[in-house]
Every structure is written in C-alpha cells, then in structure tokens.
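Only one structure is covered here, and it is reproduced in the block below.
The values are calculated or read from the model by the stated rules, or taken from the named source; none is laboratory data. None of the values given here were measured: they were computed from a predicted structure. Counting neighbours? That spans all protein chains shown, and the Cβs are built from the backbone with ideal geometry, glycine included.
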C-alpha cells in the first residue's frame, strides 16, 4: 500500500485559529494537501495556504510528522473536517 505524504498547518494569531470553510457548510478544516512530485513539505504547505486561504505564510514551526497508508489516511488525517 502506498504511503501518502501530506502537509497541513495551523495559523494562530491573537489566540485565534484561521480555518478553511466551504460556503455555508457547518464544517471547517486546516489547510492541507498531498505533496506534488518533487515538492517538499514546506513547499506544499506554502502552496496549500495560498490555494485554500489566499494567504502567504512567513514563519513556520514544525509541530508533527506522521505517515500512514492510503487506506489509513481517512482515519488519521489531522487536516480533516471539524464542526465548531
């Protein structure tokens, strides 16, 4: 089973977290996505924040690395939906 490598991040400012939403759905998530060929995790993180939130990130602090199979991805992906 292939290993899926994703980049995911959280922006915190003034004790607030920036999340992604889609329309009027009651779900939110952290920006994340699979790495493109020859892309580093940091490159993917910058791309995902630009694509999903339209923001450029400047300061990055690594928090967590994890790996899972494609089958396990749906279970343990930290960038999945949450209801607030």
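Here's the yes/no breakdown for (1) in contact with a helix residue (DSSP H, G or I) (Cβ under 9 Å, 6 or more places away or on another chain); (2) modelled with pLDDT of 85 or more; (3) farther than 16 Å from residue 3 by Cβ:
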{"position": "26", "(1), (2), (3)": "no, no, yes"}
{"position": "31", "(1), (2), (3)": "yes, yes, yes"}
{"position": "36", "(1), (2), (3)": "yes, yes, no"}
{"position": "39", "(1), (2), (3)": "yes, yes, no"}
{"position": "55", "(1), (2), (3)": "yes, yes, yes"}
{"position": "71", "(1), (2), (3)": "no, no, no"}
{"position": "77", "(1), (2), (3)": "no, no, no"}
{"position": "82", "(1), (2), (3)": "no, no, yes"}
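Summed over segment 20-56, residues that are in contact with a strand residue (DSSP E or B) (Cβ under 7 Å, 6 or more places away or on another chain) and without any contact (Cβ under 8 Å) to a residue 12 or more places away in the chain total 1. Restricting segment 5-19 to residues that are in contact (Cβ under 8 Å) with a residue 40 or more places away in the chain and not in a loop (DSSP other than H, G, I, E, B) leaves a set whose member that is farthest from residue 52 (Cα to Cα) is 6.
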